[in-house]
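In what follows, a structure is listed as structure tokens, so that the remarks can point back to it.
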Amino acid sequence: MFETQVETYGKLVLTQLFTHIWYGDWDKYEQIVNQLPKNLVDQFSFHTFYAREETKIWHENYFSIPGKYFIPPYMSSYRGKSENEEVDTKQDLLCLIGVYEKMGFYYPIEREAFPDHIGSLTAFITATLKEEMAALEEGDGNLANQLTNVRKELYDHYLVPCLNAIWRQHQNKFSDPFFRAFIPYYIETMEEVVH
């Protein structure tokens, strides 16, 4: 049980860090990095390229400012555009909002963000890990398993297709070394975190 708690805590810290990167919350990113042991931070291949002002500008260019470098950070942006596909996307968004509400997850609303933003999806995974930590501390293995299943379903159904499309369609746009290293690291690590 203790190993499971330690492993879950490690996953929680990682997903918190990732959420802050996706939303460009550099104060919170730095706060987490500064609390971690240096040998652990050194394993984050992207962090060696972190230069706050430059990384902040690239984040804005990629994920906020429409233009040459813009990369939509929304799951719905990577779905088909036919009438049927758009209906399916709207249905998926409603289902996603329903999952958030069922779990009492209101982070996207608090941030005034779209529910299908990669940061929102990552924050939801973080929230399930927090709840799983609490369930493990209380010895509620059933709830911990339910949370694991919800996390896997959200990841497989919403996040994986989006991440694969982002990298496939936009990897040449990532000009800066931080995000060029972060995106593949995020994709690989999230697979390990969730499964």
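Label reach from Phe70 (point 7 Å along Cα→C-beta): in segment 153-185, no amide nitrogen lies under 14 Å. For a distance above 19 Å, tell me the whole-number percent of Cα pairs in segment 103-195 that qualify. Roughly 48 percent, once rounded to a whole number.
When a 1.4 Å probe is rolled over the protein heavy atoms, the share of accessible surface on the chain that falls to carbon and sulfur comes to 51 percent. Shape summary: segment 1-74 maps onto an equivalent ellipsoid whose semi-axes, from the alpha-carbon gyration tensor, are 27, 15, 9 Å in decreasing order.
Membrane-span-like helices in the chain, defined purely by DSSP H runs whose alpha carbon atoms cover 30 Å or more axially and whose average Kyte-Doolittle hydropathy reaches -1.0, are 2-23.
Subtract the Cα-Cα distance of Glu86 and His170 from 0.36 nm times their separation in residues, and report this length gain in nm to one decimal. Don't jump to the answer; show the numbers that get you there.
Details: separation 84, 0.36 × 84 = 30.24 nm, distance 2.17 nm.
That pair, Glu86 and His170, stretches by 28.1 nm at full extension.
Taking every Cα-Cα distance in the chain and sorting them into 5 Å bins from zero, the calculated P(r) comes out as 1, 7, 15, 20, 20, 17, 11, 6, 2, 1, 0 percent.
Among the listed pairs Lys102/Lys152; Lys11/Lys56; Lys56/Lys152; Lys90/Lys152; Lys81/Lys152; Lys28/Lys90, a Cα-Cα separation exceeding 28 Å is found for Lys56/Lys152; Lys28/Lys90.
Counting only heavy atoms of the protein chains, get the accessible area per residue of the chain (1.4 Å probe) and round it to a whole Å² value.
On the way: 10480 Å² over 195 residues.
Value for the chain: 54 Å² per residue.
Given only helices, namely DSSP H runs of n ≥ 4 each adding -39500 (n - 2.57), what is the per-residue ellipticity at 222 nm of the chain, to the nearest 500 deg cm²/dmol?
For the chain, the value works out to -22500 deg cm²/dmol.
The values are calculated or read from the model by the stated rules, or taken from the named source; none is laboratory data. Everything quoted here is computed from the prediction, not taken from an experiment. Please note: Cβ atoms are built from the backbone with ideal geometry, for glycine as well, and neighbour counts cover all protein chains shown. Please note that ligands, DNA and RNA were not included when accessible areas were found on the heavy atoms of the full protein model with its side chains. Shrake-Rupley method; radii C 1.70, N 1.55, O 1.52, S 1.80 Å.
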